[in-house]
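Input: a single structure, listed below in structure tokens.
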Amino acid sequence: MAQAQNKLAESFKAFSDFKIPSYDFEALLSIGQRNIKALTAANQAFAEGAQAIVKRRAEIARKNATEAAALFREACSSKTPEACVAKQSEFIRSAYENALAGSRELFEMASKSSIEATEALTSRLTEVIGEVGSVAKKAKKSSI
């Protein structure tokens, strides 16, 4: 039994020489809080961009519907078949141009929103790398 206790004591002695780093947990907590703040800001920017896109899409749809109704009324009230065909051609051209312009505008809005959200996260990521490195350098090795 004494021999078993000696082996156990020797095992614990080996572990007592083992050193683990002692980190500044307040600094790590602060880093985590700033990460959450940056993520929240990025989500907010994305949500605001999405809301602006939905609002603008509704405005574009209303404008296109109003223009289409007016052109359709003109086409239906044409006196000759040639005038009717001309109005229909104008309607098709106008609808196509409006669709392209609206799509382009919405794409640009979505791109801008995504870039703003991504820039906030990229900036924070760069900061985190430096902050974590600083905390790691300050860590002191201590015994268990």
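Derivation of every value follows stated rules applied to the coordinates shown; laboratory data play no part. These figures come from a predicted structure and were not determined experimentally. Quick reminder, even Gly has a Cβ in these numbers, built from the backbone with ideal geometry, and neighbours come from all protein chains shown.
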**Message:** Within a 10 angstrom radius of the beta carbon, how do C84, C76 rank from fewest other beta carbons to most?
**Reply:** C76, C84
**Message:** Tell me the Rg and the Dmax, in Å, that the Cα atoms of region 53-127 produce.
**Reply:** 19.7, 70
**Request:** For each of T80, T122, count neighbouring Cβ atoms within 10 Å of the residue's Cβ, then give the residues from fewest to most.
**Result:** T80, T122
**Message:** Just want to confirm a number: the relative contact order over region 53-127, from Cα pairs under 8 angstrom separated by 6+ residues, in percent.
**Reply:** 33 percent
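If we count other beta carbons within 10 Å of each Cβ, what is the order of F25, F91, fewest first?
F25, F91
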